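The values are calculated or read from the model by the stated rules, or taken from the named source; none is laboratory data. A quick note: this is a predicted structure, and the numbers were derived from the prediction, not measured. Quick reminder, even Gly has a Cβ in these numbers, built from the backbone with ideal geometry, and neighbours come from all protein chains shown.
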Amino acid sequence: MSTMYEKVSALAVRETSKSIQEKIVKDAEIELIVNKTLTRKFSISPDSLKEFAMGYLLGEGLIRSLENVEEISIEENTVKVQVDMEDFDIVQELVVGSDCFGGWRQKIEFIDKVESEFTVDKKKLLKSFIKLKDNAFTWQKTGGAHVAALIYKDKFLSREDVSRHVAVDKVIGAGLLEKVDFKNSYIAYSGRMPADMLIKIARVGMPLIASNAAPTTSGYAVAKEAGITMVGFVRGERFNIYTHPHRVVID
């Protein structure tokens, strides 16, 4: 994995001022080309690009499994993917950028409700956020990155990115490549929980998302309708469960 930051000169102003070397997070314009027809450009951290592409395609419904991916190539800041799906031309009409709001009401109509018997106890949920912070290496150095983790049994797959959406894409892609059972896993991450994030989670089939930040009304509506447990404001020993609380074992 390449270094996700670089050092630059800056003028630090406190009671006095002085020249310092500061670490700032890297970002770059990455182009994703699918089947030579669907093209999207993203401003993201230029690492874990294979995981990003896989997670984005799965989260947008452009693939349904790893078997749909025929070929993937990465050349500098361009990712080219060839997928095999009979209804690709129909599905691509619903695709928006990974950091766009889009027409979520239309998109949720094409998503099955998440059916899962998965549960997680309070202590494990809280511990996952301690580990999430410990794995936020770029954020610790720069303050400029979001971090996301996919937790499945004893696996803790984490990725960082300047975009909270893409951080989640990357861990979904990592989970797909490691053949994680998404219906028995959950996402912990830093960032708000709007509709497009919840649609991504629903389409993958994950039953729970937890964040140290807040939900939005659109995200709440999608979580409630799609059968996803939404947990927010995970901080210290506390959190709020907004939807489908039966999946979090409190006692």
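Here Asp47 clears all of (1) touching a helix residue (DSSP H, G or I) at 6+ places or on another chain (Cβ under 8 Å); (2) surrounded by fewer than 21 Cβ atoms within 10 Å (Cβ to Cβ) except the condition numbered (1). Listed by position, the strands (runs of 3 or more DSSP E) contained in the stretch 117-213 that have at least 1 residues being surrounded by fewer than 23 Cβ atoms within 10 Å (Cβ to Cβ) are 146-152, 155-161. Being more than 20 Å from Glu115 (Cβ to Cβ), touching a residue at least 12 places away in the same chain (Cβ under 8 Å) and either of a type in the set (Ser, Thr, Tyr) or in contact with an Asp or Glu (Cβ under 7 Å, 6 or more places away or on another chain) (or both) is not true of Thr229. Within the stretch 111-122, no residue that is on the phi > 0 side of the Ramachandran plot and not assigned by TED's automatic domain parsing to the domain that holds Ala195 sits with its Cβ atom under 8 Å from a residue that is in a loop (DSSP other than H, G, I, E, B) and of a type outside the set (Val, Ile, Thr) at 6+ positions apart or across chains. Of the strands (runs of 3 or more DSSP E) that lie entirely inside the stretch 27-77, those containing 2 or more residues that are in contact (Cβ under 8 Å) with a residue 60 or more places away in the chain and either in the same structural domain as Leu157 (by TED's automatic domain parsing) or not β-branched (Val, Ile, Thr) (or both) span 38-44.
Answer yes or no: is there a residue in the stretch 9-22 that is surrounded by 10 or more Cβ atoms within 10 Å (Cβ to Cβ) and touching a Pro at 6+ places or on another chain (Cβ under 8 Å). No, because not a single residue in the stretch 9-22 is surrounded by 10 or more Cβ atoms within 10 Å (Cβ to Cβ) and touching a Pro at 6+ places or on another chain (Cβ under 8 Å). Based on what the data block shows, is Leu57 at pLDDT below 95, touching a strand residue (DSSP E or B) at 6+ places or on another chain (Cβ under 7 Å) and either within 28 Å of Asp112 (Cα to Cα) or crowded, with 16+ Cβ neighbours inside 10 Å (or both)? Here the answer is yes, as Leu57 does meet what is asked.
Contact map, the stretch 211-225: first residue under 21 Å from Ala149 (Cβ atoms), second residue acidic (Asp, Glu) and not in a helix (DSSP H, G or I), Cβ cut-off under 6 Å, separation 6 or more or different chains; the map is empty. Taking every residue in the stretch 232-250 that is farther than 17 Å from Tyr189 by Cβ and assigned to a strand (DSSP E or B) and pairing it with any residue that is acidic (Asp, Glu) and at pLDDT below 95, at least 6 positions away or on another chain, yields no pair with a Cβ-Cβ distance below 7 Å.
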